[in-house]
Amino acid sequence: MERVEEDDPKQNNVKTRPKGGLVTMPFIFSNEICEKLAVVGFNTNMISYLTTQLHMPLTKAANTLTNFGGTASLTPLLGAFISDSYAGRFWTITVASIIYQIGMTCLTLSAILPQLRPSPCKGEQVCQQATAGQLAILYGSLLLGALGSGGIRPCVVAFGADQFDESNPKEATKTWKYFNWYYFVMGVSILVAVTVLVYIQDNIGWGWGLGVPTIAMFLSIITFIIGYPLYRHMDPAGSPFTRLLQVSVSAFKKRKLAMVSDPNLLYRNDELDASISVGGKLVHTPDMTFLDKAAIVTEEDIVKPGQAPNLWRLNTIHRVEELKAVIRMGPIWAAGILLITAYAQQNTFSLQQAKTMNRHLTKSFEIPAGSMTVFTMVSMLSTIALYDRVLVRIARRYTGLDRGISFLHRMGIGFMISVLATLVAGFTEVKRKEAALAHGLQDKAHAIIPISVFWLVPQYSLHGIAEAFMSIGHLEFFYDQAPESMRSTATALFWTAISVGNYMSTLLVSLVHKFSARADGSNWLPDNNLNEGKLEYFYWLITALQVVNLIYYICCAKLYTYKPIQIHGKDSESEGDAGVELASKV
């Protein structure tokens with residue numbers, strides 16, 4: 001992992017407050033809140049800005065946002081690599097936030113200054129599209145935003161968790177609480193973005209609509225930097241990808257060697273691993289023994305005392321176990337993709353359902369179809385609060401775990417609720433179509449069917465509850481089970497799973513649309529009239545896929561081996577049972 005910067009007690013006799021802890025949370029959360037306000041506030045209504053202010057054609061505007069979203073989903077891997085390898089989490093977050101700030105400022109200025117956008121449309125004349133220069137400002141701003149979010153997303157959550165010392169039992173139990181409240185704060189900021197910011201953009205103006213999160217981001221950077229003296233700072237320990245590659249290469253080179261009879265004969269070097277094993281050494285596990293060959297010492301590997309070995313031929317067992325830990329995480333990571341695929345339908349087909357239903361609360365007030373996600377956010381936030389304050393205490397009596405249930409169990413519950421969400425969505429669509437048929441509106445694509453939009457609340461709410469269990473469990477899993485030297489990189493995998501899940505949704509919709517088409521023009525997912533389609537079949541197809549995914553996940557969770565750590569100072573001379581703890585300690 002990285003080395004903790006601490007004051008030398010021999011040089012300072014004055015007792016100082018330990019770094020890190022809950023006191024750092026406001027500084028860290030402020031950065032996350034503003035990043036989410038900006039990202040969600042921009043993305044939720046950005047299609048409107050591009051079409052109404054820059055006069056982009058709808059398809060071009062949609063592709064622009066899709067390309068930006070795809071780029072923003074990949075940059076966390078780059079940000080995590082820089083953080084774990086070179087810059088450390090604090091400086092990665094700081095520099096990335098400044099880059100994001102520049103992008104937001106440019107975009108806000110383009111909304112304020114008339115010369116940076118096309119002239120408003122007059123009457124029936126053809127609207128003037130944005131010039132190449134005006135588009136360059138837009139694309140540059142979006143690119144800076146993608147790069148900035150790539151440095152913030154994977155590092156903020158890991159940096160916050162770093163503030164709790166895992167070797168201290170009193171602080172270790174606070175780590176799982178941190179993940180709950182991190183996600184809660186993120187959810188609140190998203191809720192504010194899809195309500196308050198969207199209202200400002202639509203009713204007050206884009207200058208204020210983009211300016212408010214820009215100002216908030218600037219204040220968050222100042223606040224985050226002010227907290228510098230309070231943080232526990234971790235130094236980067238070199239490229240984790242290089243270490244994983246070195247183990248793979250050395251294991252391949254020694255693939256023909258016979259395995260040693262005793263694992264204790266495998267190579268160990270505490271001095272070499274000191275910077276990447278601050279929290280404790282990973283001990284040997286009996287699976288994937290073909291990788292253990294990277295730690296077999298041959299005559300060619302023997303070096304003089306104090307001299308480092310050639311890591312492309314010989315690696316310590318700790319480094320071998322790092323690679324094993326990453327490989328073990330793969331199947332669990334993959335299981336989370338399909339839940340995001342199911343969740344993504346809220347912004348597509350669930351939204352289209354809402355547009356055809358009666359959304360009036362009163363005669364004069366109508367709920368915007370896009371605001372139905374509020375029910376998802378509210379149910380997610382309520383579940384997180386209930387879980388943290390009530391459910392954990394109840395579960396603790398039966399499991400003995402401070403966190404109530406393990407993150408693997410938490411993820412499993414989320415998967416089961418997600419299955420129920422898409423199952424309910426299918427029956428709700430049947431109900432909606434029956435109402436359309438009963439009122440003779442089946443052939444009228446844009447007619448409002450006299451059925452309340454609140455029939456959709458159960459599916460939206462169930463998705464929110466599922467996310468509160470699964471997504472937070474997923475995040476905990478990545479941080480807890482990743483080798484400590486590559487936790488930012490592992491957290492980036494959380495965002496990568498979200499990206500892949502959205503791409504899977506696009507692929508699934510395309511395949512269903514293609515293969516469900518009939519010669520008479522009917523289709524499960526018609527382009528024009530949802531009433532003539534079979535959307536319920538699509539929802540139930542996702543339900544069936546999720547059931548298969550749930551069975552797959554249960555098998556993976558049953559077979560999963562928690563990474564065992566030998567805590568420093570606990571019988572460090574032996575790798576027996578004493579001093580060895582599973583990574584999930586609370």
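The values are calculated or read from the model by the stated rules, or taken from the named source; none is laboratory data. Here the structure is a predicted model, which means the values were calculated and not measured. Cβ atoms come from the backbone with ideal geometry, glycine included; neighbour counts cover every protein chain shown. These accessible areas exclude ligands, DNA and RNA; they are computed on the full protein's heavy atoms, side chains included. Shrake-Rupley method; radii C 1.70, N 1.55, O 1.52, S 1.80 Å.
Points worth noting:
- Normalised per residue, the accessible area of the chain is 45 Å², obtained with a 1.4 Å probe and no contribution from ligands, DNA or RNA.
- Electrostatic dipole magnitude of the range 315-585 [Cβ: Lys, Arg +1; Asp, Glu -1; Cα centre; debye, to 20]: 540
- Folded to 0 to 90 degrees: helix 58-82 orientation relative to the chain principal axis, Cα: 10
- In this calculation the C-beta distance from ILE551 to VAL430 is compared with R0 = 22 Å, giving a FRET efficiency of 0.25.
- Using a Förster distance of 51 Å, the FRET efficiency for ASP402-ALA517 (Cβ separation, nearest 0.05): 0.40
- Inter-part distance where the range 466-496 and the range 390-460 are each reduced to a Cα centre, Å: 25
- Dipole of the chain, positive direction: furthest Cα of LEU323, GLN163, ILE337, with charges on the beta-carbon: ILE337
- Calculated mean residue ellipticity at 222 nm for the chain: -20000 deg cm²/dmol, from DSSP H runs with n ≥ 4 weighted as -39500 (n - 2.57), summed, divided by the residue count and rounded to 500.
- C-alpha long axis of helix 317-335 to longest principal axis of the chain, angle in °: 20
- Across the chain, the fraction of Cα-Cα pairs farther apart than 46 Å, rounded to a whole number, is 22%.
- When only alpha carbons are used to place a centre, the range 225-291 and the range 329-367 end up 42 Å from one another.
- For the peptides 376-389, 354-367, 544-557, residues were scored by their other Cβ atoms within 10 Å and the scores averaged per peptide; the highest-first order is 376-389, 544-557, 354-367.
- What the phi angles of the range 396-413 give under the Karplus curve with 6.51, -1.76 and 1.60, with θ = phi - 60°, is a coupling list of 4, 5, 9, 9, x, 8, 5, 8, x, 10, 5, 5, 5, 5, 4, 5, x, 4 Hz, glycine and proline written as x.
- Annotation: amide H of LYS534 within the under-5 Å range of TRP524, LEU525, sequence separation 5 or more or interchain, hydrogens built in the peptide plane.
- A cut-off under 15 angstrom between Cβ atoms defines the neighbours of GLY440, and their net charge, with Lys, Arg +1 and Asp, Glu -1, is 0.
- Cβ-placed point charges (K, R +1; D, E -1), dipole of the chain about Cα centre in debye, nearest 20: 860
- Rounded to the nearest whole Hz, the Karplus-based 3J(HN,Hα) values (6.51 cos²θ - 1.76 cosθ + 1.60, θ = phi - 60°) of the range 135-146 follow the sequence 5, 4, 5, 4, 5, x, 5, 5, 5, 4, x, 5, with x at glycine and proline.
- Burial ranking of peptide ranges 519-526, 493-500 (average Cβ count within 10 Å, highest at the top): 493-500, 519-526
- Angle of helix 457-481 to the longest C-alpha principal axis of the chain, folded into 0 to 90 degrees and rounded to 10: 20°.
- Among the listed pairs LYS253/LYS281; LYS256/LYS563; LYS433/LYS514; LYS254/LYS304; LYS122/LYS363, those with a Cα-Cα distance over 29 Å are LYS122/LYS363.
- Nonpolar atom fraction for the range 315-585, defined as the carbon and sulfur part of the 1.4 Å probe accessible area, stands at 64 percent.
- Under 5 Å from the amide H of MET357 lie the amide H atoms of ILE449, each residue being 5 or more positions distant or on a separate chain, with H modelled from the backbone and absent for Pro and chain starts.
- When a 1.4 Å probe is rolled over the protein heavy atoms, the share of accessible surface on the range 240-314 that falls to carbon and sulfur comes to 59 percent.
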